[in-house]
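Notes follow the structure.
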Amino acid sequence: MKQEVMDAVISPEEGRLDILSKAEVGKLLDTSQGGLYRVFRNCALAVLNCGSSMDDGKELLERYSSFGIRVVQQQRGIKLELKNAPAHAFVDGNMIKGIKEHLFAVLRDIIYVSDEINDNPRFDLQTSEGISNAVFHILRNANILLPMVDPKLVVCWGGHSISRKEYEYSKQVGHELGLRGLDICTGCGPGAMKGPMKGAAIGHAKQRIKHGQYLGITEPGIIAAESPNPIVNDLVILPDIEKRLEAFVRTGHGIVVFPGGAGTAEEILYILGILLHPENEAMPFPLIFTGPDSAGDYFEQIDRFIGGTLGTEARQRYRIIIDDPRQAAIEMEAGIRQVQAFRKAAGDAYYFNWMLHIDKVFQTPFVPTHHNMSNLALHKNQAVHVLAANLRRVFSGIVAGNVKDEGIRAVEKHGHFEIHGDPEIMALMDTLLTSFVKQHRMKLPGKKYVPCYRIVRPEAVEGNRA
């Protein structure tokens, strides 16, 4: 089917990335393997695809294969020249303002990471401290760290492929949070990432809060499958999924988890693995799992998986609240007040949780190749937070195989990712993943899901039963 496209030349809003050096422009126009053009083009296309019902990075890139974008330098600044851009990003020939802001946010972050992080000897990305420092600087450069403001940022995690009832519930929770003056941070896409923002926007309007923050944090690999939703008023692109996850937990003051699929399981395992580290034992961090009555089975499966793999201590770090948006918001607000008291007593910043210990095993980028996926250490003969990190990597790989361009192509070329581990852990994982498939949490409704993975148990080679 032929796509509606159009050409355009756009300028940034005044004060937003007016000037680039010739070297920076050259990097963006470099189409070689080491250049920035490919990642800039793909992220820009994802932003322009806002509002689309597509969750397949490979499909998006192929559908708009003729799309091109070029930075044009002028005496008074820069402009972006677009060729064959998705027409739904425009109204009467003019680009929608929010999409234009997101487009220049992409340019800002890709340039900054390349010039000021990757090519800067001040950042030692081989150390845990250096990685955290880089995450801080990327967020500060994007002007989303708000000093002299009391803690109020709630991170909302959940799937892009959820039922209408679950979406409406996420809006209700967002509304209750907004009524209490709390801001929202999500992965910026559709579904459970959009619902809380939309609800909070209504809550803020009722309370006459004019400058609510709706922060979207993403990364180049996932943005094509989860294009920023229209409510996002601050967008940040981190270099990889690990830095994206660290940005969530260091900027947020509490986390609400809605129903989701493999990506949500990855996020849950990430935060639990961090909280289970002995150095974080005394740190308050409100973590609430919530959904409508129809999500009861979903959270029961998640709870059973966590208990069976990470143990009772992990289950004590979160609260499950079913079908009660008001109570979820009340408990989150109370938890954030505990966070505020703790940070104040410790002298830690409200806008960036420096005291949170994040082990390097959670910061090292995991590349989900077939070799890496099949060699993950999935057994209980290791520290529980390290097991959580390896389980997180399993779900990260499944996300890549489901929706990321490179992951999809790798599975098409080499077949399923094979997942090996202890029989008990493999049985729990097989049950959880099977439930995700049956509940249509792996792909958007109406799309047949073909598994990208295969559970391999020690006693027999057994395929996924989904």
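Under a model in which nothing but the beta-carbon of Lys, Arg (+1) and Asp, Glu (-1) is charged, the stretch 98-137 shows a dipole of about 160 debye around its Cα centre. Taking the Cα centre of the stretch 307-466 as reference, the dipole from Cβ charges on Lys and Arg (+1) and Asp and Glu (-1) amounts to some 360 debye.
In the chain the longest region clear of trypsin sites (Lys or Arg not before Pro) that are loop-assigned by DSSP and have at most 12 other C-beta atoms within 10 Å covers 211-447. For Lys210, go through the aspartates and glutamates and keep the ones whose alpha-carbon is under 15 Å away, minus same-chain ones fewer than eight residues off. Within the straight-line cut-off, Lys210 pairs with Asp183, Asp234. Looking at Tyr112, Pro259, Ile96, which one has the Cα that reaches farthest to the positive end of the dipole of the chain (charges on Cβ: Lys, Arg +1; Asp, Glu -1)? Toward the positive end, the furthest listed residue is Ile96. Of Lys79/Lys171; Lys171/Lys447; Lys27/Lys243; Lys198/Lys447; Lys171/Lys438; Lys198/Lys413, which ones are farther than 29 Å apart at the Cα? Beyond 29 Å between Cα atoms: Lys79/Lys171; Lys198/Lys413.
For the stretch 154-232, with every protein chain kept in place, what is the accessible area per residue (1.4 Å probe, Å²)?
Numbers: 2370 Å² over 79 residues.
It amounts to 30 Å² per residue over the stretch 154-232.
Scattering from the stretch 134-223 was approximated by placing one identical point on each alpha carbon and applying the Debye formula without solvent; log10 I(q)/I(0) at 0.19, 0.23 1/Å stands at -0.87, -1.12.
For the stretch 232-321, what is one quarter of the convex hull surface built on the Cα atoms, given in nm²? Don't jump to the answer; show the numbers that get you there.
Numbers: hull surface 26.8 nm².
Projected area, direction-averaged: 6.7 nm².
Cβ-Cβ distance of His379 and Glu279, R₀ of 30 Å, FRET efficiency by 1/(1 + (r/R0)^6): the value works out to about 0.80. For the pair the stretch 273-302 / the stretch 358-422, the C-alpha centres are spaced 21 Å from each other. What shape does the stretch 227-266 take by its C-alpha gyration tensor, where a ≥ b ≥ c are the square roots of the eigenvalues and a/c under 1.5 counts as rounded, a/b above b/c as prolate, and the rest as oblate? Taking the square roots of the gyration eigenvalues as a ≥ b ≥ c, the stretch 227-266 is rounded.
For a straight C-alpha distance cut-off of 15 angstrom, the aspartates and glutamates reachable from Lys448 (same-chain residues fewer than eight places away being disregarded) are Asp55, Asp56, Glu59. With the simple spin-label model, which puts each label point 7 Å out from Cα in the Cβ direction, the Lys438 to Glu424 separation comes to 2.3 nm. The gain in end-to-end length when the Gln338 to Val149 segment is fully stretched comes to 66.5 nm, 0.36 nm per residue minus the alpha carbon separation.
Taken about its Cα centre, the chain carries a charge dipole of about 840 debye when Lys and Arg each add +1 at the Cβ and Asp and Glu each add -1 at the Cβ.
In the context of the full set of protein chains, residues of the stretch 307-369 present 49 Å² of accessible surface per residue (probe radius 1.4 Å, heavy atoms only). Here the relative contact order of the chain, from alpha carbon pairs under 8 Å that lie six or more residues apart, stands at 16 percent. Think of the stretch 277-388 as a dipole: +1 on every Lys or Arg Cβ, -1 on every Asp or Glu Cβ, centred on the Cα centre; then among Ala334, Val361, Gln301, Val361 lies furthest on the positive end. Working note: 222 nm ellipticity from helices only, DSSP H runs with n ≥ 4, each -39,500 (n - 2.57), summed and divided by the residues of the chain, gives -13500 deg cm²/dmol to the nearest 500. Computed over neighbours whose Cβ is under 13 Å from that of Gly212, the net charge equals +4, Lys and Arg +1, Asp and Glu -1. Normalising the average separation of contacting C-alpha pairs (under 8 angstrom, six or more residues apart) by the number of residues puts the relative contact order of the stretch 117-251 at 23 percent. Grab the other residues whose beta carbon is less than 13 angstrom from that of Leu378, score K and R as +1, D and E as -1, and report the net. My count for the surroundings of Leu378 gives 0. Remark: spin-label model distance Val9-Glu313 equals 6.2 nm, labels positioned 7 Å along the Cα→Cβ axis.
Measure off, as a whole percent, the carbon and sulfur share of the 1.4 Å-probe accessible area of the chain, all protein chains present. Don't jump to the answer; show the numbers that get you there.
Working: 9500 of 19300 Å².
Answer for the chain: carbon and sulfur cover 49 percent of the accessible area.
Can you compute the FRET efficiency between Ser294 and Gln207 using 1/(1 + (r/R0)^6), with r the Cβ-Cβ distance and R0 = 35 Å? Round to the nearest 0.05.
Numbers: r = 30 Å, r/R0 = 0.85.
FRET efficiency, Ser294 to Gln207: 0.75.
Of the residues Ile408, Ile237, Ala85, the one whose Cα sits farthest towards the positive end of the charge dipole of the chain is Ala85 (charges of +1 on Lys and Arg Cβ, -1 on Asp and Glu Cβ, taken about the Cα centre).
The values are calculated or read from the model by the stated rules, or taken from the named source; none is laboratory data. Because the structure is a prediction, the values reported are computed rather than measured. Methodologically, a virtual Cβ is constructed for each residue, glycine included, from the backbone with ideal geometry; neighbour enumeration extends over all protein chains shown. Just so you know, the surface numbers come from the protein's heavy atoms only, side chains and all, with ligands and any DNA or RNA stripped out. Shrake-Rupley method; radii C 1.70, N 1.55, O 1.52, S 1.80 Å.
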